[in-house]
1. Given a 1.4 angstrom probe, I'd like the percentage of the accessible area of the range 35-112 that is carbon and sulfur, rounded to a whole number.
2. Gain in length, THR45 to VAL100, computed as 0.36 nm per residue apart minus the alpha-carbon separation, to one decimal in nm?
3. Please state the charge dipole magnitude for the range 25-112, taken about the Cα centre, from unit charges on C-beta atoms (+1 on K and R, -1 on D and E), reported in debye and rounded to the nearest 20.
Amino acid sequence: DAAFCFNGSLAAELAAHSTVPMFSAGDATEETHPGPSLVITRNLTKKVGLQTFVPSHLLAGLLPSALLDDYAFWQNEADHSLIGYLTDGDPAREPTRIRVWLRKEGKGDMTG
């Protein structure tokens, strides 16, 4: 169902500009301007190296929502892999980490 393609972060609405029912999120004809943002980095140890925090909404559709609900993901600068650290906080639950390797294939999409 297209209503769930944004993992609940954006409200999907029925597009009124088409005779065929479809869902849309926002108006592609409206110009948007950059807004304030924040990049969070850390350097835990020399072995781990520099990591950048990746908010879960940026991973929606790429990783299962069950993982995004329970883990905070950081991207490693050295190999661009992601490490998910359990954020549950339940002392009875064994702490775990998940590693996701990203693989580049083909040429990048340079169409904008």
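1. Carbon and sulfur: 56 percent of the exposed surface of the range 35-112.
2. Values: separation 55, 0.36 × 55 = 19.80 nm, distance 1.95 nm.
Contour length minus the Cα-Cα distance gives 17.8 nm.
3. On the way: 9 positive and 12 negative charges, 129 e Å.
My answer is approximately 620 debye.
The values are calculated or read from the model by the stated rules, or taken from the named source; none is laboratory data. This is a predicted model, so every value here is computed, not measured. In this analysis, Cβ positions are derived from the backbone assuming ideal geometry, glycine residues included, and neighbour counts consider all displayed protein chains. Quick note on the areas: whole protein, heavy atoms, side chains included, nothing else; ligands and nucleic acids left out. Shrake-Rupley method; radii C 1.70, N 1.55, O 1.52, S 1.80 Å.
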